[in-house]
Amino acid sequence: MARIIVVTSGKGGVGKTTTSAAIAMGLAKKGHKTAVIDFDVGLRNLDLIMGCERRVVYDFVNVINGEATLNQALIRDKNCNLLYILPASQTRDKDALSQEGVGRVLDELKKDFKYIVCDSPAGIEKGAHLAMYFADDAFVVTNPEVSSVRDSDRMLGILSSKSRRAEQNEEPINEFLLLTRYAPERVKLGEMLSVDDVQDILSLHLLGVIPESKSVLNASNSGTPVILDEKSDAGQAYADIVARYLGEERPHRFIDDKKGFFRNLFGGN
Amino acid sequence: MSLLDYFRISKVGTASLAKERLQILVAHERTSKHQPSYLPQLQKELLEVIQKYVKVSQDAISVTFEQDEHQETLELNIVLPDNQAKNT
Ligand SMILES: Nc1ncnc2c1ncn2[C@@H]1O[C@H](COP(=O)(O)OP(=O)(O)OP(=O)(O)O)[C@@H](O)[C@H]1O
Ligand SMILES: [Mg+2]
């Protein structure tokens with residue numbers, strides 16, 4: 001059975017697109033045929049992060065409107081032939097996506113793909129609503145910061161009341177916490193909310209912590225999902241997350257400050 | 001923990017404050033989500049009526065709505081000013 005994953009947050013700029021690109025690549029690299037869809041109509045960006053911006057011909061809205069077939073619009077990833085990208089439209093028309101149309105495209109994708117990753121736009125408007133509506137699993141991307149945590153909590157309320165599963169009284173969406181841009185050294189100084197703090201408030205199943213990392217900008221500069229940078233901390237953190245999602249047990253490697261014994265001993269940062 | 005951390009303890013970070021504020025806010029927002037939408041209007045009108053008789057401030061009145069499996073409770077709480085009895 002195909003599974004639909006929404007990557008959502010409420011708050012903008014917390015790392016949804018970075019995460020969508022990384023986990024879609026991770027799932028495909030593990031041998032699962034995966035599609036990743038950009039729901040951010042008008043502000044397409046996933047194509048840039050995936051490095052396929054020059055190959056976009058048709059987009060999600062074209063497919064919904066019957067102006068292109070799904071096969072024409074899907075872009076096969078250059079690094080992994082099990083991964084396909086469906087780019088967002090750059091139209092300014094807010095109503096370009098309809099629930100019926102999105103449902104139709106997802107149903108068609110489900111026949112052929114194992115995982116369908118939906119990169120949600122920020123906010124709680126139509127685009128974000130449609131990105132989560134059909135989901136089976138939700139990755140709630142949260143930064144250790146007050147407004148992000150609050151917005152995540154609101155998004156959890158929406159997932160449990162406004163999704164298809166909620167409306168049809170089916171089993172609820174599986175919700176997972178992804179804490180990103182985490183800085184253990186600042187947590188240690190009491191300057192930043194810790195994993196436990198955020199867990200106390202949101203009480204979600206923690207899928208993983210992604211550290212604040214320079215490798216994320218490097219990856220987006222070059223248009224390769226950070227998970228392919230296997231030496232980087234963020235890349236490894238995303239690889240762990242994919243493995244855990246697929247049922248493997250992995251220790252959490254990026255929660256504690258591990259900047260070397262001597263730096264720790266003398267409290268250097 | 002490093003040696004210097006022992007000296008740093010006095011320097012209180014702001015994370016605990018963030019957590020405290022979030023816990024209060026999130027708890028409040030979770031309960032208010034299930035409240036009937038007429039509640040703010042009810043609160044406003046009640047306040048107007050009460051203010052005709054007693055000099056109370058905006059925040060002296062609270063209306064809360066609670067729901068469990070068996071019943072719905074509407075709780076109205078008015079804090080009267082200390083010196084009110086003498087004036088009337
Ligand atoms: N772990 C990280 N370390 C450092 N920078 C990060 C990390 N994760 C994301 N960023 C940076 O944060 C910015 C926002 O990331 P991203 O575009 O993924 O967020 P988003 O949630 O998709 O934003 P939007 O709400 O606008 O769609 C980018 O500049 C990205 O490089
Ligand atoms: Mg984005």
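The values are calculated or read from the model by the stated rules, or taken from the named source; none is laboratory data. What you see is a predicted model; the values in this text were computed from it and never measured. FYI the Cβ positions are ideal-geometry reconstructions off the backbone, even for glycines, and counts take in every protein chain you see. Please note that ligands, DNA and RNA were not included when accessible areas were found on the heavy atoms of the full protein model with its side chains. Shrake-Rupley method; radii C 1.70, N 1.55, O 1.52, S 1.80 Å.
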| remark: Taking the range A:123-159 and keeping residues assigned to a loop (DSSP other than H, G, I, E, B) and out of contact with any helix residue (DSSP H, G or I) (no Cβ under 7 Å at 6 or more places or on another chain) leaves A:Gly123, A:Glu125, A:Ala135, A:Asp136, A:Asn143, A:Glu145
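Filter the range B:40-74 down to residues that are open to solvent by 100 Å² or more (accessible area, probe 1.4 Å) and assigned to a strand (DSSP E or B) and give me whichever is modelled with the highest pLDDT. So that I can check it myself, show each step before the final result.
Taking the range B:40-74 first, the residues open to solvent by 100 Å² or more (accessible area, probe 1.4 Å) are B:44, B:52-53, B:55, B:58-59, B:66-67, B:69-72.
Next, only the ones that are assigned to a strand (DSSP E or B) stay: B:66-67, B:72.
Values: B:Glu66: 77, B:Gln67: 74, B:Glu72: 81.
Applying the filter and picking the extreme gives B:Glu72.
Is it fair to say A:Tyr58 is open to solvent by 40 Å² or more (accessible area, probe 1.4 Å), at pLDDT 95 or above, away from ligand 1 (no atom under 16 Å from the Cβ) and of a type in the set (Ser, Thr, Tyr)?
Working: open to solvent by 40 Å² or more (accessible area, probe 1.4 Å): yes; at pLDDT 95 or above: yes; away from ligand 1 (no atom under 16 Å from the Cβ): yes; of a type in the set (Ser, Thr, Tyr): yes.
Here the answer is yes, as A:Tyr58 does meet what is asked.
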| remark: A:Gln90 meets each of (1) out of contact with any Phe, Trp or Tyr (no Cβ under 9 Å at 6 or more places or on another chain); (2) more than 18 Å from A:Ile23 (Cα to Cα); (3) modelled with pLDDT of 95 or more with one exception, condition (3)
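Tally time: how many residues in the range A:76-98 are farther than 24 Å from A:Met1 by Cα and surrounded by fewer than 20 Cβ atoms within 10 Å (Cβ to Cβ)? Can you show your working first?
Within the range A:76-98, the subset farther than 24 Å from A:Met1 by Cα is A:78-79, A:88-98.
From what's left, surrounded by fewer than 20 Cβ atoms within 10 Å (Cβ to Cβ): A:78-79, A:90-95, A:98.
Adding up the residues that qualify gives 9.
Within 16 Å of ligand 2 (Cβ to nearest atom), surrounded by fewer than 20 Cβ atoms within 10 Å (Cβ to Cβ) and more than 14 Å from chain B (Cβ to nearest Cβ): which single residue out of A:Glu125, A:Glu108, A:Glu167, A:Glu171 fits that description? Can you show your working first?
Values: A:Glu108 fails: within 16 Å of ligand 2 (Cβ to nearest atom); A:Glu167 fails: within 16 Å of ligand 2 (Cβ to nearest atom); A:Glu171 fails: within 16 Å of ligand 2 (Cβ to nearest atom).
The match here is A:Glu125.
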| message | Any residue in the range A:38-49 that is more than 19 Å from A:Lys94 (Cα to Cα) sitting within a Cβ distance under 8 Å of a residue that is open to solvent by less than 40 Å² (accessible area, probe 1.4 Å) and more than 10 Å from ligand 2 (Cβ to nearest atom)? List the pairs, counting only those 6 or more apart or interchain. | response | A:Asp47/A:Val56; A:Asp47/A:Ile75; A:Asp47/A:Ile85; A:Asp47/A:Pro87; A:Leu48/A:Gly223; A:Ile49/A:Ala219; A:Ile49/A:Gly223; A:Ile49/A:Pro225
| field | Candidate set: the range A:15-51, residues that are surrounded by fewer than 24 Cβ atoms within 10 Å (Cβ to Cβ) and hydrophobic (A, V, I, L, M, F, W, C); chosen: the one nearest to ligand 1 (Cβ to nearest atom) | value | A:Leu43
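When the residues of the range A:227-238 are filtered to those that are among the aliphatic types (A, V, I, L, M) and under 18 Å from A:Thr142 (Cα atoms), which remaining residue is farthest from ligand 2 (Cβ to nearest atom)? Step through it out loud before you land on a result.
In the first step, residues of the range A:227-238 are kept if they are among the aliphatic types (A, V, I, L, M); the result is A:227-228, A:234, A:237.
After this cut, where a residue has to be under 18 Å from A:Thr142 (Cα atoms) as well, the list is A:234, A:237.
Numbers: A:Ala234: 16, A:Ala237: 18 Å.
For the range A:227-238, the residue satisfying everything is A:Ala237.
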| Just wondering, is there one or more residues in the range A:239-246 that are among the small types (Gly, Ala, Ser) and more than 11 Å from every other protein chain (Cβ to nearest Cβ)? | yes
| request: Please work out which residue is farthest from the other protein chains (Cβ to nearest Cβ), limiting yourself to the range A:152-164 and to residues that are over 19 Å from A:Gly13 (Cα atoms) and among the basic types (Lys, Arg). | output: A:Arg164
| request: Among what's in the range A:1-54 and is closer than 17 Å to A:Ala122 by Cα and of a type in the set (S, T, N, Q), pick the residue that is nearest to ligand 2 (Cβ to nearest atom). | output: A:Thr17
| message | Can you pull out every residue in the range A:112-122 that is farther than 15 Å from A:Ile4 by Cβ and assigned to a strand (DSSP E or B)? | response | none
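Taking into account only those residues within the range A:190-215 that are assigned to a loop (DSSP other than H, G, I, E, B) and touching a residue at least 12 places away in the same chain (Cβ under 8 Å), which is farthest from ligand 2 (Cβ to nearest atom)? Walk me through how you get there before you give the answer.
Step one: of the range A:190-215, the residues assigned to a loop (DSSP other than H, G, I, E, B) are A:190-194, A:203-204, A:212-213.
Among the residues that remain, those that are also touching a residue at least 12 places away in the same chain (Cβ under 8 Å) are: A:192-194, A:204, A:212-213.
Numbers: A:Met192: 23, A:Leu193: 22, A:Ser194: 26, A:Leu204: 21, A:Glu212: 17, A:Ser213: 17 Å.
Across the range A:190-215, the extreme among qualifying residues is A:Ser194.
Being within 14 Å of another protein chain (Cβ to nearest Cβ) and buried (at least 23 other Cβ atoms within 10 Å of the Cβ) narrows it down to one of A:Val226, A:Val149, A:Val187, so name that one. Give the steps one after another, and end with the answer.
Values: A:Val226 fails: within 14 Å of another protein chain (Cβ to nearest Cβ); A:Val187 fails: buried (at least 23 other Cβ atoms within 10 Å of the Cβ).
Sole residue among the options that is within 14 Å of another protein chain (Cβ to nearest Cβ) and buried (at least 23 other Cβ atoms within 10 Å of the Cβ): A:Val149.
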| request: Given the conditions (1) under 21 Å from the mean Cα position of the chain (by Cα); (2) farther than 15 Å from A:Val6 by Cα, report the number of the one that A:Gly101 does not fulfil. | output: (1)
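When the residues of the range A:190-221 are narrowed to those that are of a type in the set (S, T, N, Q) and more than 12 Å from ligand 1 (Cβ to nearest atom), which ends up least open to solvent (accessible area, probe 1.4 Å)?
Applying the first criterion (of a type in the set (S, T, N, Q)) to the range A:190-221 yields A:194, A:199, A:203, A:213, A:215, A:218, A:220-221.
From the residues that got through so far, the ones that are more than 12 Å from ligand 1 (Cβ to nearest atom) too are A:194, A:199, A:203.
Values: A:Ser194: 24, A:Gln199: 48, A:Ser203: 91 Å².
The extreme case among them is A:Ser194.
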